[in-house]
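What follows is a set of notes on a single structure, which appears directly below.
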Amino acid sequence: MGLDRTVKSTEPLKRLAQLLLVVLGSTFLVSLLIRLLPVGLEDIYVVNPDPAGRAREIHNLGLDLNPFAFYLRWLNGFIHGDFGSYVYPGPTFVPVSQYITRTLPVTLQLIFYVQIVALTISIPLGLLSAYKVGTRIDRFISNGLFIFSSIPSFVLALILAFYIGVKLGWVPPLGYAQPFCSAEDIVRANACGFREHFKMMVLPVVALAVPLIASYTRLLRTDVIATLREDFVTMAASKGLSNRRILWTHVFRPSSVTLFTSAALNMGGLIGGALVIETIFSVPGIGFEIALAIASRQYFALQAYIAIIAFGYVFFNVIVDLTIGRIDPRSRERRQ
Amino acid sequence: MKFKQLGIFSKASVIWLGIVMFMVVFGQWIPLPKPTNFDIDAMGVGLFDSLKHPLGTDSNGYDLLSNVIRGARPSMLISLISVGIGGLIGSTLGIISAYKRGKLDYIVNTLFNIVLSVPALVLGLALVAVLATNPDPNIEVPTSRRVIVIILSLTIVIIPILGRIARGATLSWSNREFVVAARSMGMKDSQIIMKHIVPNVLPAIYAVAFLAIGVVIVVEGSLSLLGVGIVDGVSWGSMIARVRGDLEYAPHSMIVPVVVLALTVIACNQLGDILRSQLDSREGRL
């Protein structure tokens with residue numbers, strides 16, 4: 001018993017330590033990568049012809065340090081909230097944090113809508129196709145979703161932008177509108193307000209949600225099929241509960257663990273993973289900003305963005321670890 | 001599994017991938033207008049409108065059929081090579097670390113997680129952007145170097161995906177009775193891995209490798225679309241990127257490469273799926 005307890009108490013700590021290592025590792029590798037550029041960073045950012053001034057600028061950027069010291073310097077700054085800067089010749093510095101406070105909320109909105117749409121569509125579909133397993137409805141749902149999930153999302157995005165956005169003109173094919181109008185928006189006559197916001201978001205959300213719907217439905221279907229074989233379902237049925245009630249109150253919750261795990265892990269993946277969709281629809285989110293940073297050779301900014309993505313990944317991993325036991329108490333015992 | 005036993009979907013997938021591989025190998029000898037020639041008399045010819053250009057031409061007069069056939073080679077070779085090399089490295093690491101367990105396993109698993117913590121596309125984009133730069137931004141990076149860098153980056157993306165599958169499968173197989181028996185009879189670790197672990201782990205890797213090929217084709221296409229991949233419409237992705245602006249005037253010039261790319265991804269996913277479900281039923285019988 002005593003041994004069991006020690007195992008239990010160190011397990012989450014170990015997991016946390018590994019996740020911390022992941023963040024340190026990925027940020028270190030990125031830091032190493034930008035120092036290993038075929039072109040030295042000093043040749044990109046430092047244009048000062050005066051040798052003394054040049055040396056000072058290189059020193060200010062930390063480029064005279066070895067890669068390890070360079071990383072530690074960056075890490076120290078990052079922990080203290082200094083995310084680095086966009087560097088322009090001059091030298092002019094624009095803090096990355098400015099960009100992050102502007103772009104991260106947009107990406108989070110997008111991800112939030114995508115998850116809501118994907119879950120509200122896939123949960124009923126998954127329950128239905130598991131309940132009707134092997135029938136024509138099940139096959140229709142499975143095959144239909146399979147084909148949709150195989151269409152690359154950038155392909156879907158281009159087609160949607162063209163047919164819905166340009167040809168039919170139902171919604172604007174690109175751009176973004178704030179949900180709340182600021183004074184500046186009104187002065188500049190920018191599109192803003194909830195109506196415009198949702199109109200602009202429809203196409204990117206659909207393009208990102210379609211592949212997710214397919215994978216969520218499939219995960220839920222598999223788990224529900226397994227749960228339906230359990231004794232407590234037979235028990236509920238023999239008490240005379242309606243099928244609808246059994247599915248929603250008895251079957252759904254224990255079957256949803258894999259679904260919610262995958263949904264939470266996708267949140268982390270979508271922070272940067274929506275890059276192409278954000279670029280196609282000109283949604284000014286973090287992915288769009290990453291693409292711009294890479295195109296304009298802002299490698300310090302790239303480093304900060306990748307660190308944020310890695311943090312997002314770890315954050316949602318921890319959330320999953322903490323909440324899984326709450327959704328399905330059985331998994332608490334199984335894990336020990 | 002025999003070809004005859006496959007469902008209609010899978011049969012179509014096998015046939016489609018066969019056609020694609022034919023285009024990869026023999027594409028340049030098929031008698032068609034050259035993909036680089038633009039036909040001034042036939043710009044924006046629609047689908048099936050002319051015998052000379054069966055799939056039509058784009059608004060520059062490039063023949064779409066011959067471009068799609070030429071695009072097959074870079075698109076497929078990039079994905080096959082990176083999934084091949086990445087799968088080899090990843091599964092070797094995964095199998096050995098899961099078999100040895102302990103510290104090595106912890107280190108390898110952490111490394112996999114590090115690479116997986118950054119989405120495949122962002123990682124690929126960062127690697128390609130960093131490795132394929134010139135001191136002078138105005139000088140174009142040669143296509144051959146771009147291709148090598150893309151393959152390298154996608155290999156790095158693939159390693160942990162397949163490595164994790166190999167690791168998981170090895171963990172479950174290495175405690176089976178026949179492995180324990182082989183170990184107790186004094187069989188060397190290397191022999192146990194080659195004789196007992198690898199043959200059992202391979203099917204799982206094959207199944208996921210097919211899915212990985214689909215992933216890589218999409219990432220390569222996305223890179224082209226973002227302008228850091230292969231340029232000048234040489235691969236399917238860059239064909240899509242090249243005609244993006246012409247969608248309004250000649251929609252079929254984008255629909256053609258899009259459909260070819262999507263069909264290939266669907267076929268790969270379908271075959272991966274079939275392999276995986278076969279695997280599940282085999283495991284279920286044990």
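Quick notes on this structure:
- Cβ-Cβ distances below 8 Å connect the following pairs, each with a first residue in the range A:270-285 that is more than 9 Å from chain B (Cβ to nearest Cβ), a second residue that is of a type in the set (Lys, Arg), and a separation of six or more residues or different chains: A:284/A:102.
- Selection of helices (runs of 4 or more DSSP H) fully inside the range A:1-113 by the criterion of at least 2 residues being within 14 Å of chain B (Cβ to nearest Cβ) and either small (Gly, Ala, Ser) or under 20 Å from residue B:133 (Cβ atoms) (or both) returns A:2-35, A:41-45.
- Taking first residues from the range B:218-231 that are farther than 20 Å from residue B:144 by Cβ and more than 10 Å from chain A (Cβ to nearest Cβ) and partners that are surrounded by fewer than 24 Cβ atoms within 10 Å (Cβ to Cβ) and small (Gly, Ala, Ser), no Cβ contact under 8 Å between residues at least 6 apart in sequence or on separate chains turns up.
- Among (1) assigned to a helix (DSSP H, G or I); (2) within 10 Å of chain B (Cβ to nearest Cβ); (3) more than 15 Å from the chain's Cα centre (by Cα), the one test that residue A:290 misses: (3)
- Evaluated against (1) among the hydroxyl-bearing types (Ser, Thr, Tyr); (2) in contact with a strand residue (DSSP E or B) (Cβ under 9 Å, 6 or more places away or on another chain); (3) surrounded by 14 or more Cβ atoms within 10 Å (Cβ to Cβ), residue A:92 falls short on exactly one condition, (3).
- Residue in the range B:113-120 that is part of a helix (DSSP H, G or I), in contact with an Asp or Glu (Cβ under 6 Å, 6 or more places away or on another chain) and closer than 30 Å to residue B:35 by Cβ present: no
Conditions tested, residue by residue: (1) under 25 Å from residue B:126 (Cα atoms); (2) over 29 Å from the mean Cα position of the chain (by Cα); (3) modelled with pLDDT of 80 or more; (4) of a type in the set (Ser, Thr, Tyr).
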site: A:5; (1), (2), (3), (4): no, yes, no, no
site: A:12; (1), (2), (3), (4): no, no, no, no
site: A:37; (1), (2), (3), (4): yes, no, no, no
site: A:64; (1), (2), (3), (4): yes, yes, yes, no
site: A:92; (1), (2), (3), (4): yes, yes, yes, yes
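- Taking the range A:70-123 as the range and being touching a Phe, Trp or Tyr at 6+ places or on another chain (Cβ under 6 Å) and of a type outside the set (Gly, Ala, Ser) as the test, the residues that pass are A:71, A:87, A:94, A:96.
- Any hit, the range A:306-323, residues being in a loop (DSSP other than H, G, I, E, B) and either within 14 Å of another protein chain (Cβ to nearest Cβ) or within 29 Å of residue A:198 (Cβ to Cβ) (or both): no
- Residue match in the range B:83-94 (condition: part of a helix (DSSP H, G or I), within 14 Å of chain A (Cβ to nearest Cβ), touching a residue at least 24 places away in the same chain (Cβ under 8 Å) and in contact with a helix residue (DSSP H, G or I) (Cβ under 6 Å, 6 or more places away or on another chain)): no
- The range A:95-106: number of residues that are over 29 Å from residue A:50 (Cα atoms) and either surrounded by 13 or more Cβ atoms within 10 Å (Cβ to Cβ) or among the aromatic types (Phe, Trp, Tyr) (or both): 8
- The lone exception for residue A:214 - which of (1) over 22 Å from the mean Cα position of the chain (by Cα); (2) modelled with pLDDT of 80 or more; (3) of a type in the set (Gly, Ala, Ser) it fails: (1)
- Among (1) within 24 Å of residue A:311 (Cα to Cα); (2) surrounded by fewer than 17 Cβ atoms within 10 Å (Cβ to Cβ); (3) under 19 Å from the mean Cα position of the chain (by Cα) - the single one residue A:120 does not satisfy: (1)
- Verdict on residue B:4 being at pLDDT below 90 and closer than 30 Å to residue B:276 by Cα: yes
- Residue check, residue A:128 surrounded by 14 or more Cβ atoms within 10 Å (Cβ to Cβ) and either more than 30 Å from residue B:256 (Cβ to Cβ) or among the small types (Gly, Ala, Ser) (or both): yes
- Residue B:264 falls short on exactly one of the conditions (1) within 21 Å of residue B:82 (Cβ to Cβ); (2) facing chain A (nearest Cβ under 9 Å); (3) not aliphatic (A, V, I, L, M), and that condition is (2).
- The residues on offer are A:149, A:129, and the sole one that is in contact with a Lys or Arg (Cβ under 7 Å, 6 or more places away or on another chain) and closer than 21 Å to residue B:9 by Cβ is A:129.
- From B:128, B:147, B:118, B:141, residue being buried (at least 21 other Cβ atoms within 10 Å of the Cβ) and either over 20 Å from residue A:314 (Cα atoms) or under 17 Å from the mean Cα position of the chain (by Cα) (or both): B:128
The values are calculated or read from the model by the stated rules, or taken from the named source; none is laboratory data. The structure displayed is predicted, hence computed values, not measured ones. Note: ideal-geometry Cβ built from the backbone for every residue, glycine included; neighbour counts use all protein chains shown.
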